[in-house]
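Structure first, commentary second.
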Amino acid sequence: MAKLLFFFIVIIIFFFISLPLSLSQSTAEESCNGIFLSYNYTSGHRLPPTLIPSDPSQQPYRFESNLAILNNGLRELKSWRVYVGFEHGEVLVSASHAVLDDGSLLPANVGNGTVFSGFPERDLKTAVETAGYLPQMRAQVQLVGTQFGVADPDVPLPSTITLANDGFSCPNPTKLNFWMHVCCTEDSRSNFTTGEDLQPLQNGDVTIMYDVIRSYETNYRAQVTISNHNPLDRLDNWKLSWEWKREEFIYAMKGAYPSVVDSTDCIFGKPGESYKDMDFSNALNCERRPTIIDLPPTMVNNSDLGMIPFCCRNGTILPPTMDQSKSVSVFQMQVFKMPTEFNRTQLIPPQNWKIRGEVNQDYQCAPPVRVSQSQFPNPSGLPSESTAIATWQVACNKTESKGAIPRCCVSFSAFFNDSVVPCNTCACGCKSSPSNTCSASAQALLLPSEALLVPFENRTRKATEFAKLQRRAMPNPLPCGDNCGVSINWHLFTDYDNGWTARITLFNWGETDFVDWFAALQFDKAVPGFQTMYSFNGSALPGVPANNTIFMQGKPGLNYILAEKDGKKPKKDPRVPGAQQSVLSFTKKTTPGIKVARGDGFPTKVFFNGEECSLPSILPSNAYRMSVATRFFGFLLAAVTLLFLQQ
């Protein structure tokens, strides 16, 4: 009887404690004439291991929370997105009715904040069009995860919550005990509208179109188009992945192929129960998260796997500035659905898209958004177009990895100085603990121009003799090499009243040839004066990023840089790099006041195959002019390099 009475008292106390909060939440919701967001911490407890009192800040705790989005406005909210400012090292384990906007899979570290997107229902209707039917007006996301350092009675609330959709303004949220809320309203300064049936096309370094081109009751055929829009970037050996949310599986493909062909998950999973008469030995992939790779060019005309326009290029997608027709990759696949989705109009795209290249940076992809149906030329050649049944777009942007190591470097030289400012020491990385034979911190030694033609390990004698000739001190130990596979020399060739010229030489010290290579140079002032490039195809790129970029590539038939090879006498001669060289000419008529020798004639950024190169920390000094002998070596460098190109 006493226990029953105690239990009854606890219920009454809890009711009176929660009643003011419920009234407050109800009042806040009703007073919001926009998008009402709320975050409610519901429960949590300590997790093992027990670190208190040794390090309370590292003690893990479970948390359970509810994120709610309510449309109290007059317009339908399409593709809702909400930012939650987690700040306690949170690791999110599950989230119902939502996905992470950056495509991350759960569990995921979200301690620096994250954006949620609705899935599978992404749109929130208004009270007017639903007669106040809350299930279509509201989205509720149940969150479960781990946070660190916040123990009872403190509550691990995020720093903020805000609507991430364009066209809305959100004030700072109101916090009350274990609950926080904010009312977001449409920004009158924005032209964004929320009531359109379809979303506008998004911008991205890479965009992926997911087109359903055939639809049947049990399966559909999809076409996936990967387009590169970044004028200075490329993808090599691209790998594309996504996550099926409804246990779909890939039965057949053309134009690309799964990296793993495996039907095990189908045979022993729900597909095997649903399709009892299907021969799964022909199914290509049943993984929840498949990885797709491109096919080699030899498969272009293969009737089973090829015959798809823009397919089969070994995973190479070039920038549109180089070749528009090679900036796209396309493949098709047959996707089977589960019985609960047996409907020709029940079409749901996969989520959590990821794409990356072999040597390129990763890309962060947003969730797919429904856009206007794509249109394709009629394959029969008739002057008509066919329309996709449904189209989704995924926009991906390149992410800059912290501490990323360059793969190329630049050296500077000029007609007025006899020294070459080489690539920086360890420009492309060094061992964490260099041996006593070289120093990772010593400044790179100035070089004579002919030293650029030999590998770093063969430059010691030339660098030492040059330092003695110039009466420069030699560090002990000597600096380590740059360890770059590609080095680029930028040489100011001439400077006269009406114009100036420069020479660029690209060296390949690696073991593989560079096919379809390209490079880009950015300047502060020089680009408006660019006239021509003699051995490469070169042009100034308008508006990239602000009319300050020169883009160059090899001419047809010469668009390759060979790998490093043995000298003519391997036992005696050092190895020889692959090389390409060209001269650029500039006028000063369109760049009045340009100071070429004082720095304006040197690039501020250099890119090779989309990778930003390391630049020297100093420029060649024009305090004194170089000797006749040094000029001879400069011309010798050009002559020898051209000789390499002819071999």
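The values are calculated or read from the model by the stated rules, or taken from the named source; none is laboratory data. Quantities reported herein were computed from a predicted structural model and do not represent experimental measurements. Cβ: placed from backbone, ideal geometry, glycine included. Neighbour counts: every protein chain shown. Note: areas computed on protein heavy atoms with side chains; ligands, DNA, RNA excluded. Shrake-Rupley method; radii C 1.70, N 1.55, O 1.52, S 1.80 Å.
Restricting to the stretch 100-137, name every residue that is surrounded by 13 or more Cβ atoms within 10 Å (Cβ to Cβ) and on the phi > 0 side of the Ramachandran plot.
Within the stretch 100-137, Gly103, Gly113 meet the criteria.
Among residues belonging to the stretch 461-479 that are aliphatic (A, V, I, L, M) and more than 42 Å from the chain's Cα centre (by Cα), point out the one that is least open to solvent (accessible area, probe 1.4 Å).
Only one residue tops the list, namely Ala467.
Are there any pairs with C-beta distances below 7 angstrom linking a residue in the stretch 347-363 that is at positive phi to a residue that is charged (D, E, K, R), with the two at least 6 apart or on different chains, and if so which?
Here the result reads Asn352/Glu243, each pair linking the stretch 347-363 to a residue that is charged (D, E, K, R).
Can you run down the residue pairs with Cβ atoms below 9 Å, 6 or more apart or on separate chains, where the first is in the stretch 522-533 and touching a residue at least 24 places away in the same chain (Cβ under 8 Å) and the partner is charged (D, E, K, R) and loosely packed, with under 15 Cβ neighbours inside 10 Å?
From residues that are touching a residue at least 24 places away in the same chain (Cβ under 8 Å), the pairs are Lys525/Lys595; Gly529/Lys589.
From the list Lys605, Lys595, pick out the single residue that is touching a strand residue (DSSP E or B) at 6+ places or on another chain (Cβ under 6 Å), at pLDDT 90 or above, open to solvent by 60 Å² or more (accessible area, probe 1.4 Å) and of a type in the set (D, E, K, R).
Lys605
Among the residues of the stretch 338-385, what is the count of those that are small (Gly, Ala, Ser) and exposed (fewer than 14 other Cβ atoms within 10 Å of the Cβ)?
The total comes to 3.
Test Pro592 against the criterion of being in contact with an Asp or Glu (Cβ under 9 Å, 6 or more places away or on another chain) and part of a loop (DSSP other than H, G, I, E, B), and give yes or no.
Spelling it out, it is not the case that Pro592 is in contact with an Asp or Glu (Cβ under 9 Å, 6 or more places away or on another chain) and part of a loop (DSSP other than H, G, I, E, B).
Somewhere in the stretch 227-234, is a residue outside any loop (DSSP other than H, G, I, E, B), surrounded by 16 or more Cβ atoms within 10 Å (Cβ to Cβ), of a type outside the set (A, V, I, L, M, F, W, C) and within 26 Å of the chain's Cα centre (by Cα)?
yes
Which one is modelled with the highest pLDDT, of the residues in the stretch 379-404 that are assigned to a loop (DSSP other than H, G, I, E, B) and either within 19 Å of Glu612 (Cα to Cα) or among the charged types (D, E, K, R) (or both)?
Selected residue: Thr399.
What number of residues within the stretch 545-580 satisfy the criterion of being of a type outside the set (Gly, Ala, Ser), open to solvent by less than 10 Å² (accessible area, probe 1.4 Å) and more than 29 Å from the chain's Cα centre (by Cα)?
So the count comes out to 1.
Out of the residues in the stretch 494-511 meeting the condition of being of a type in the set (A, V, I, L, M, F, W, C) and either open to solvent by less than 10 Å² (accessible area, probe 1.4 Å) or in a strand (DSSP E or B) (or both), tell me which one is farthest from Ser411 (Cα to Cα).
Trp500
Can you tell which of Leu92, Leu51 is open to solvent by less than 10 Å² (accessible area, probe 1.4 Å) and free of Cβ contacts under 8 Å to residues at least 60 places away in the same chain?
Leu92
Which residue, of Ala68, Ala98, is within 23 Å of Ser169 (Cα to Cα) and at pLDDT 95 or above?
None of the other options fit; the residue is Ala68.
Assess whether Met307 counts as being more than 18 Å from Thr207 (Cα to Cα), of a type in the set (A, V, I, L, M, F, W, C) and open to solvent by 50 Å² or more (accessible area, probe 1.4 Å). Show your work before the answer.
Values: more than 18 Å from Thr207 (Cα to Cα): yes; of a type in the set (A, V, I, L, M, F, W, C): yes; open to solvent by 50 Å² or more (accessible area, probe 1.4 Å): yes.
When the stated conditions are applied, Met307 passes them.
Got at least one residue in the stretch 77-85 being closer than 30 Å to Lys398 by Cβ, open to solvent by 10 Å² or more (accessible area, probe 1.4 Å), at pLDDT 95 or above and out of contact with any helix residue (DSSP H, G or I) (no Cβ under 8 Å at 6 or more places or on another chain)?
yes
So is Phe336 touching a helix residue (DSSP H, G or I) at 6+ places or on another chain (Cβ under 9 Å), more than 26 Å from Gly610 (Cα to Cα), at pLDDT 95 or above and hydrophobic (A, V, I, L, M, F, W, C) or not?
yes
Can you tell which of Gln59, Gln147 is within 27 Å of Asn177 (Cβ to Cβ), open to solvent by less than 10 Å² (accessible area, probe 1.4 Å) and at pLDDT below 95?
From the options Gln59, Gln147, the qualifying one is Gln59.
For every residue, the table says whether it meets (1) assigned to a loop (DSSP other than H, G, I, E, B); (2) in contact with a Phe, Trp or Tyr (Cβ under 8 Å, 6 or more places away or on another chain); (3) of a type in the set (Lys, Arg); (4) at pLDDT below 90.
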site	(1), (2), (3), (4)
Asn436	yes, no, no, yes
Leu452	no, yes, no, no
Glu457	no, no, no, yes
Arg461	no, no, yes, yes
Thr464	no, no, no, yes
Ala467	no, no, no, yes
Ala473	yes, no, no, yes
Pro477	yes, no, no, yes
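How many residues does the stretch 151-187 hold that are under 34 Å from the mean Cα position of the chain (by Cα) and in a loop (DSSP other than H, G, I, E, B)?
14
When the residues of the stretch 262-292 are filtered to those that are β-branched (Val, Ile, Thr) and at pLDDT below 95, which remaining residue is surrounded by the most Cβ atoms within 10 Å (Cβ to Cβ)?
Ile267
Taking the conditions exactly as written (basic (Lys, Arg), touching a strand residue (DSSP E or B) at 6+ places or on another chain (Cβ under 6 Å) and under 20 Å from Met333 (Cβ atoms)), does Lys254 satisfy them or not?
Numbers: basic (Lys, Arg): yes; touching a strand residue (DSSP E or B) at 6+ places or on another chain (Cβ under 6 Å): yes; under 20 Å from Met333 (Cβ atoms): yes.
Taking the combined requirement at face value, the residue satisfies it.
I'd like to know if the stretch 618-625 contains one or more residues that are open to solvent by 10 Å² or more (accessible area, probe 1.4 Å), over 37 Å from the mean Cα position of the chain (by Cα), modelled with pLDDT under 95 and small (Gly, Ala, Ser).
Yes, the stretch 618-625 contains at least one residue that is open to solvent by 10 Å² or more (accessible area, probe 1.4 Å), over 37 Å from the mean Cα position of the chain (by Cα), modelled with pLDDT under 95 and small (Gly, Ala, Ser).
List pairs: first residue in the stretch 386-407 and surrounded by 12 or more Cβ atoms within 10 Å (Cβ to Cβ), second residue at pLDDT below 85 anywhere in the structure, Cβ distance under 7 angstrom, at least six positions apart or on different chains.
Ser386/Asn378; Lys398/Gln361; Thr399/Gln361; Thr399/Asp362; Arg407/Val359
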